[in-house]
Amino acid sequence: MSKSKKKGAPPTRPARQKATARPTHYYWLGAILAAALLAYLPILKGQFINYDDDLYIVDNPLIQQLSFESARELFTAFYGNQYAPVAMILMGLQAKLFGGSTALFKLVSLLIHLANTALVFLLIGRLFKERAYAIVVAALFALNPIQVESVAWMSASMKVGTSTLFFLVSLLYYIRFSRSREAGAIALSLAFFLLACLCKEQAITLAATLPLIDYLQGRKWLSSSALVEKLPYLAIALAFGFVTLSASKGIEQNLNVFQFGFTERLLFASYAIVAYWAKAIVPAELSFFYFYPQQGQVPATYYLSLLALAGLAAALVVAARRGNKTIVFGLSFFLINTGLILLSQLMAVRDVLMADRYIYLSGTGIFLVLAEGYVWLSKRRPALRQGLAFGLGAYALLLAALSMQRVQVFTDSISLFTDVIDKATPKEGKTSPFLALPYTNRGQARKENNDLEGAMADYNKAITVNPGHSLAFSNRGNLYFNQGDYNQAIEDYNKALELKPGAPKALSNRGGAYAALGNYEAALADLDKAIEADPGFYDALNNRMLTHYYMQNMEAALADCGRLIELNPVEASVVNFHATLLQKLGRMPEAEAEFNRSIRLDPSVGDYYLNRSVFYSQTGSREKALQDAEKARTMGSNVPQEYLNSLQ
């Protein structure tokens with residue numbers, strides 16, 4: 001009787017293993033997330049970087065002053081030759097919540113990276129029965145220092161981080177659909193795919209990734225039914241591919257790359273593929289900029305990379321023939337999701353040879369291949385299993401330590417571009433023209449820190465290594481302008497425009513210099529050209545407004561001021577100046593309303609009260625004029641005693 005009872009009862013040992021294995025699995029995820037949190041925590045001390053962060057975030061009025069109108073503009077137009085409305089709206093919401101707290105922006109970026117790590121863990125866990133894959137891939141994704149750029153640099157996090165998050169969620173819902181055939185699952189997959197594309201155009205590669213998911217799950221991925229269900233994804237991908245090409249029309253092709261022939265650019269692309277693999281496994285000499293070689297000086301390693309690339313191709317073929325779907329998936333996932341970047345490189349529209357952020361997502365394929373190697377060796381050599389596990393753990397901890405070290409490089413623009421310069425400077429002491437860019441950006445950062453001598457040294461160095469770098473002349477001209485040396489500034493602006501005719505910034509700056517010298521006609525000629533080239537150019541509009549004001553052309557100044565307010569409705573200084581212009585034109589009720597609004601926008605500026613005091617004095621409200629004048633004086637404004645006496 002006991003025998004029959006025992007025979008009919010399910011075995012207890014496997015049941016206990018099944019119940020405890022899954023929680024243990026997630027304990028590993030918790031440990032990985034904790035390690036990543038500690039490794040990346042120093043980013044909270046970082047600042048915005050003066051390379052794209054200024055253009056897309058800090059000085060982007062559509063983000064800084066997010067509203068329904070600016071959100072609509074983000075969806076209906078390009079900004080800075082980019083179309084990423086959802087990414088920018090999410091950043092705009094952070095700006096509303098956090099104000100100027102850079103630490104909170106960085107914290108959100110870190111949380112996005114942790115969320116992406118968890119999603120990678122879930123994705124690999126649902127695709128493969130071998131649970132070690134999910135643990136290893138998630139650990140390498142979370143802790144590898146090659147990911148730091150995509151987390152610590154806000155412009156990358158804004159687009160790459162959010163796009164990756166939606167991309168991974170879309171894949172998870174597609175997997176659910178492929179197994180359950182739930183209509184709601186594929187609808188959600190498409191919705192998140194659309195969100196991913198609205199954050200970063202690179203997400204269109206998801207459409208090519210789906211057949212790879214089918215292949216891995218044993219579906220007939222070339223069947224008519226499988227292809228039909230991909231049509232909505234393909235339509236979205238084609239639409240955003242077209243949008244991307246339209247946005248890129250305004251980007252000037254990189255002349256240094258364009259001078260290379262197609263064969264050489266193909267060589268650069270093959271080198272980049274191999275270099276990504278090498279740096280993902282051994283993350284040494286990581287840099288914010290990886291420059292192209294100079295013409296006629298292509299190193300032998302670029303040609304040797306062709307052999308390494310052939311080896312990767314051979315590995316893919318062998319794995320496919322042997323039915324090793326893990327290797328096939330890993331290699332193909334990397335190539336598919338890096339393909340768009342490599343294609344753009346062949347078209348010569350990238351200003352750098354490669355960038356760490358380009359493989360934030362696709363690096364998952366590399367990490368999966370490493371995980372497969374670890375599992376294969378552990379099973380083939382059981383005696384080495386413990387040692388391999390220890391070695392893998394030590395490797396992960398080393399990556400975490402290197403990430404913590406790499407994060408420090410992104411503390412500010414000076415430390416970042418110093419790192420670029422140190423790594424890109426030829427060891428034999430020769431100069432490279434590509435160094436002009438990091439020298440110029442570091443010079444700008446030093447200028448913002450009031451290190452004018454250091455800024456001038458960097459601008460001079462940039463011009464020395466590359467006399468054809470127009471931005472270095474333009475920025476040095478700005479430095480002369482701020483020092484009151486307007487003639488020297490104009491000389492540098494002339495050179496910048498000689499190198500890059502029609503550049504709006506150089507035209508605007510030269511117009512400002514002409515205006516400072518009283519040459520208003522020349523100033524207006526330059527400013528008109530700058531605004532014609534870029535109708536939303538805030539600085540040029542501001543310079544032209546002031547030039548019209550100095551010329552006593554108040555109607556024209558008012559028109560430019562109105563456009564500035566349209567671009568940024570809450571800039572208190574412009575609103576206050578708008579009130580002054582209305583006052584001079586005798587439009588007193590409107591002027592009073594604008595004076596009041598400027599003070600509501602920023603009640604901490606004494607001069608706003610002084611300007612309103614003058615307005616009240618002119619309109620006969622002496623008591624109000626006196627109150628504002630006294631308020632302005634207590635706030636530090638220069639209020640003449642004679643003026644106060646006249647009001648008493």
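The values are calculated or read from the model by the stated rules, or taken from the named source; none is laboratory data. Keep in mind the model is a prediction, meaning the values are calculated, not measured. Glycine gets a Cβ as well: all are built from the backbone with ideal geometry, and neighbour counts include every protein chain shown.
Within segment 62-83, residues that are within 18 Å of residue 569 (Cβ to Cβ) sit with their Cβ atoms under 8 Å from residues that are surrounded by 14 or more Cβ atoms within 10 Å (Cβ to Cβ) and among the polar types (S, T, N, Q), at 6+ positions apart or across chains, in these pairs: 62/70; 63/70; 64/568; 65/568; 79/60. For segment 585-621, residues that are crowded, with 17+ Cβ neighbours inside 10 Å and among the polar types (S, T, N, Q) total 4.
Can residue 511 be described as out of contact with any Asp or Glu (no Cβ under 8 Å at 6 or more places or on another chain) and not hydroxyl-bearing (Ser, Thr, Tyr)? Criteria not met by residue 511.
Looking at 466, 494, just one residue is out of contact with any Ser or Thr (no Cβ under 6 Å at 6 or more places or on another chain), at pLDDT 95 or above and either under 24 Å from residue 535 (Cβ atoms) or surrounded by fewer than 24 Cβ atoms within 10 Å (Cβ to Cβ) (or both), and that residue is 494.
Only residues that are within 16 Å of residue 65 (Cα to Cα) and part of a helix (DSSP H, G or I) were counted in segment 601-611, giving 1.
Annotation note: of 185, 269, the sole residue that is at pLDDT below 90 and aliphatic (A, V, I, L, M) is 269. Could you tell me how many of the residues in segment 444-460 are farther than 29 Å from residue 298 by Cα and not in a loop (DSSP other than H, G, I, E, B)? Here the count works out to 11. The residue list 240, 288 contains one member that is modelled with pLDDT of 85 or more and assigned to a helix (DSSP H, G or I), which is 240.
Of everything in segment 422-457 that is among the hydrophobic types (A, V, I, L, M, F, W, C) and surrounded by fewer than 20 Cβ atoms within 10 Å (Cβ to Cβ), the residue that is nearest to residue 102 (Cα to Cα) is 452. So for segment 473-487 (the condition being among the aliphatic types (A, V, I, L, M), free of Cβ contacts under 8 Å to residues at least 40 places away in the same chain and buried (at least 22 other Cβ atoms within 10 Å of the Cβ)), does at least one residue qualify? Taking every residue of segment 473-487 in turn, none turns out to be among the aliphatic types (A, V, I, L, M), free of Cβ contacts under 8 Å to residues at least 40 places away in the same chain and buried (at least 22 other Cβ atoms within 10 Å of the Cβ).
Here is the figure for segment 46-91: residues that are within 28 Å of residue 438 (Cα to Cα) and either assigned to a helix (DSSP H, G or I) or not hydrophobic (A, V, I, L, M, F, W, C) (or both) total 25. Filter segment 271-324 for residues that are small (Gly, Ala, Ser), surrounded by fewer than 20 Cβ atoms within 10 Å (Cβ to Cβ) and under 32 Å from the mean Cα position of the chain (by Cα) and give the result. Passing the criteria: 275, 278, 284, 308, 313. Scanning segment 256-285 for residues that are part of a helix (DSSP H, G or I) and among the β-branched types (Val, Ile, Thr) gives 257, 263, 273, 274, 281. Applying the criterion of being charged (D, E, K, R) and touching a helix residue (DSSP H, G or I) at 6+ places or on another chain (Cβ under 7 Å) to the residues of segment 109-134, the residue that is nearest to residue 361 (Cα to Cα) is 126. Any residue at all in segment 622-643 that's surrounded by fewer than 15 Cβ atoms within 10 Å (Cβ to Cβ), β-branched (Val, Ile, Thr) and either part of a loop (DSSP other than H, G, I, E, B) or at pLDDT 90 or above (or both)? Within segment 622-643 (the criterion being surrounded by fewer than 15 Cβ atoms within 10 Å (Cβ to Cβ), β-branched (Val, Ile, Thr) and either part of a loop (DSSP other than H, G, I, E, B) or at pLDDT 90 or above (or both)), the answer is yes, since at least one residue qualifies.
Rundown of residues vs (1) within 26 Å of the chain's Cα centre (by Cα); (2) within 17 Å of residue 279 (Cβ to Cβ); (3) surrounded by fewer than 17 Cβ atoms within 10 Å (Cβ to Cβ), yes/no style:
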{"residue": "326", "(1), (2), (3)": "no, no, no"}
{"residue": "336", "(1), (2), (3)": "yes, no, no"}
{"residue": "352", "(1), (2), (3)": "yes, yes, no"}
{"residue": "360", "(1), (2), (3)": "yes, yes, no"}
{"residue": "378", "(1), (2), (3)": "no, no, no"}
{"residue": "392", "(1), (2), (3)": "no, no, no"}
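If you go through segment 569-626 and pick out every residue that is within 22 Å of residue 62 (Cα to Cα), β-branched (Val, Ile, Thr) and either out of contact with any helix residue (DSSP H, G or I) (no Cβ under 7 Å at 6 or more places or on another chain) or touching a residue at least 60 places away in the same chain (Cβ under 8 Å) (or both), you end up with 1. One residue stands out in segment 38-78 among those that are within 30 Å of residue 143 (Cα to Cα) and polar (S, T, N, Q): the one that is farthest from the chain's Cα centre (by Cα), namely 47.
Residue 494 fulfils the conditions (1) of a type in the set (S, T, N, Q); (2) closer than 22 Å to residue 419 by Cα; (3) part of a helix (DSSP H, G or I) except for a single criterion, (2).
Only residues that are of a type outside the set (Lys, Arg), over 20 Å from residue 342 (Cα atoms), surrounded by fewer than 22 Cβ atoms within 10 Å (Cβ to Cβ) and in contact (Cβ under 8 Å) with a residue 40 or more places away in the chain were counted across segment 184-225, and they come to 8.
Residues checked against (1) surrounded by fewer than 17 Cβ atoms within 10 Å (Cβ to Cβ); (2) at pLDDT 85 or above; (3) among the polar types (S, T, N, Q); (4) closer than 25 Å to residue 194 by Cα:
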| site | (1), (2), (3), (4) |
| --- | --- |
| 4 | yes, no, yes, no |
| 22 | yes, no, no, no |
| 29 | no, yes, no, no |
| 33 | no, yes, no, no |
| 40 | no, yes, no, no |
| 43 | no, yes, no, no |
| 48 | no, yes, no, no |
| 72 | yes, yes, no, yes |
